[in-house]
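One structure is given below, encoded as structure tokens.
The values are calculated or read from the model by the stated rules, or taken from the named source; none is laboratory data. Fair warning: this is a prediction, and the values are worked out from it, not measured in the lab. Every residue, glycine as well, gets a Cβ built from its backbone with ideal geometry; the counts of neighbours run over all protein chains shown.
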């Protein structure tokens, strides 16, 4: 394949994430792993999920942040060693107030300090 391939893993049990990351690493066709966080991810869970994937592979690990917690979890993910952050879309069939969406966009427009 001519383009790098990034495997997306939805956040799950840490042991399962670690095993899957190991399997993907051994395939030698994956350039990075993206861990998709659920809509209401808890910071302590983010750290556990990220560490599990990191222990399972040496590939770069991207963390897909839920839009509603992007600012809060960005710091948690980078402190836990994320190589890159991906801002996710709001969950399907959800209604976010326009003012809330605007506030999130403004927060995300600030320069990264990491």
Inset, instruction - Filter region 72-99 for residues that are at pLDDT below 90, touching a helix residue (DSSP H, G or I) at 6+ places or on another chain (Cβ under 8 Å) and not in a loop (DSSP other than H, G, I, E, B) and give the result. - result: 87
Inset, instruction - For residues that are outside any loop (DSSP other than H, G, I, E, B) and either within 12 Å of the chain's Cα centre (by Cα) or in contact (Cβ under 8 Å) with a residue 40 or more places away in the chain (or both), tally how many sit in region 1-20. - result: 5
Legend entry - Unmet criterion (only one of (1) at pLDDT below 90; (2) more than 13 Å from the chain's Cα centre (by Cα); (3) assigned to a loop (DSSP other than H, G, I, E, B)) for residue 39: (2)
Inset, instruction - Check residue 28 against each of (1) within 13 Å of the chain's Cα centre (by Cα); (2) modelled with pLDDT under 90 and name the one condition it does not meet. - result: (1)
Inset, instruction - Return a yes/no flag: does region 49-56 have any residue that is at pLDDT below 90 and more than 14 Å from the chain's Cα centre (by Cα). - result: yes
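Per-residue answers, yes or no, for (1) under 22 Å from residue 25 (Cβ atoms); (2) crowded, with 19+ Cβ neighbours inside 10 Å; (3) in contact (Cβ under 8 Å) with a residue 12 or more places away in the chain:
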position: 35; (1), (2), (3): yes, yes, yes
position: 38; (1), (2), (3): no, no, yes
position: 43; (1), (2), (3): no, no, yes
position: 56; (1), (2), (3): yes, yes, yes
position: 60; (1), (2), (3): yes, no, yes
position: 63; (1), (2), (3): yes, yes, yes
position: 71; (1), (2), (3): no, no, yes
position: 76; (1), (2), (3): no, yes, yes
position: 81; (1), (2), (3): yes, no, yes
Inset, instruction - For residue 2, work out the one condition from (1) loosely packed, with under 13 Cβ neighbours inside 10 Å; (2) out of contact with any strand residue (DSSP E or B) (no Cβ under 6 Å at 6 or more places or on another chain); (3) closer than 20 Å to residue 85 by Cα it doesn't fulfil. - result: (3)
